[in-house]
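Participant: Can you read through this structure? Questions will come right after.
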Amino acid sequence: MTTPILIADDHPIVLAGIRDVLAGELDLEVVGEAADPATLIELMARTRPRAVISDYSMPGDERFGDGIKLISFLRRRFPETRLLVLTMVSNPSLVSAMYAAGAGGVVLKSHGLGSLVQALRVVLADRIYRPTGLLQEAASEPTGADAARARLSPRELEVIRLFTGGMSVGDIARQLQRSAKTVSTQKINAMRKLGVDSDQALIAYCLQTSLFA
């Protein structure tokens, strides 16, 4: 009997890469693929997979969103399903928030997909997967831009991620179910910590430092 797995990413190349990595595992079966949170949730309700491998940042909507909000929703709605998160974000504070929200493991895309099967095996065994490379990055003393990013709270990072992705403060407030005033304050605080004084400078900073690449 095979173990049903769902995979989700808004980049077809990444989906193909995940599919190829899992193809050699005879006891694992990819039972569905999604490119957005709504499709992922629909597939989860229909197939009831044992585990989901999902991108952290995907185009979403106000119902489900993505990032921390989506992880929290999936954990509440499908508590029996283990969640493995793929991400380009290596900020220790935000990664810790992913685990706190319910992720069973986090795999950095920048490290490649070589550890994907190992990570999946760990979460399928109902254990927490924490990659060695990520632990080393978290343990190292941040400097320069990394030090500035490390000062941001997970909520501030989420606001900045969504804002630089093209959402307005009002859109972010609705998606995260916070007041517009709270979101605006978190955005202003994050900009102050990053040393930028305009929306254009904030976007340029995130691009130059690949904060959410």
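The values are calculated or read from the model by the stated rules, or taken from the named source; none is laboratory data. Remember, it's a predicted structure, so these values are computed and weren't measured experimentally. Cβ sites come from the backbone with ideal geometry, for glycine too, and all protein chains shown count toward neighbours. Ligands, DNA and RNA are excluded from the accessible area calculation, which covers all protein heavy atoms including side chains. Shrake-Rupley method; radii C 1.70, N 1.55, O 1.52, S 1.80 Å.
Participant: Determine which member of the set S153, S140 is at pLDDT below 80, within 28 Å of N189 (Cα to Cα) and among the polar types (S, T, N, Q).
Facilitator: After applying the criteria, what remains is S140.
Participant: Report whether or not E42 is more than 27 Å from G166 (Cα to Cα) and acidic (D, E).
Facilitator: no
Participant: Tell me which residues, restricted to the stretch 74-89, are out of contact with any strand residue (DSSP E or B) (no Cβ under 6 Å at 6 or more places or on another chain), more than 22 Å from R63 (Cβ to Cβ) and either open to solvent by less than 50 Å² (accessible area, probe 1.4 Å) or at pLDDT 95 or above (or both).
Facilitator: The one that is out of contact with any strand residue (DSSP E or B) (no Cβ under 6 Å at 6 or more places or on another chain), more than 22 Å from R63 (Cβ to Cβ) and either open to solvent by less than 50 Å² (accessible area, probe 1.4 Å) or at pLDDT 95 or above (or both): V89.
Participant: Filter the stretch 175-211 down to residues that are under 19 Å from the mean Cα position of the chain (by Cα) and open to solvent by 50 Å² or more (accessible area, probe 1.4 Å) and give me whichever is nearest to D55 (Cα to Cα).
Facilitator: Out of the qualifying residues, it is S210.
Residue-wise test of (1) of a type outside the set (V, I, T); (2) open to solvent by 30 Å² or more (accessible area, probe 1.4 Å); (3) over 23 Å from F163 (Cβ atoms).
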residue: P4; (1), (2), (3): yes, yes, yes
residue: D36; (1), (2), (3): yes, yes, no
residue: D66; (1), (2), (3): yes, no, no
residue: A100; (1), (2), (3): yes, yes, no
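Participant: Just for the stretch 48-64: of the residues that are modelled with pLDDT under 95 and not charged (D, E, K, R), which one is surrounded by the fewest Cβ atoms within 10 Å (Cβ to Cβ)?
Facilitator: Here the residue is P59.
Participant: Filter the stretch 147-188 down to the residues that are outside any helix (DSSP H, G or I) and of a type outside the set (S, T, N, Q) and list them by number.
Facilitator: R151, L152, G165, G166, M167, R178
Participant: Condition check: open to solvent by less than 10 Å² (accessible area, probe 1.4 Å) and at pLDDT 95 or above. Does A45 satisfy that?
Facilitator: No.
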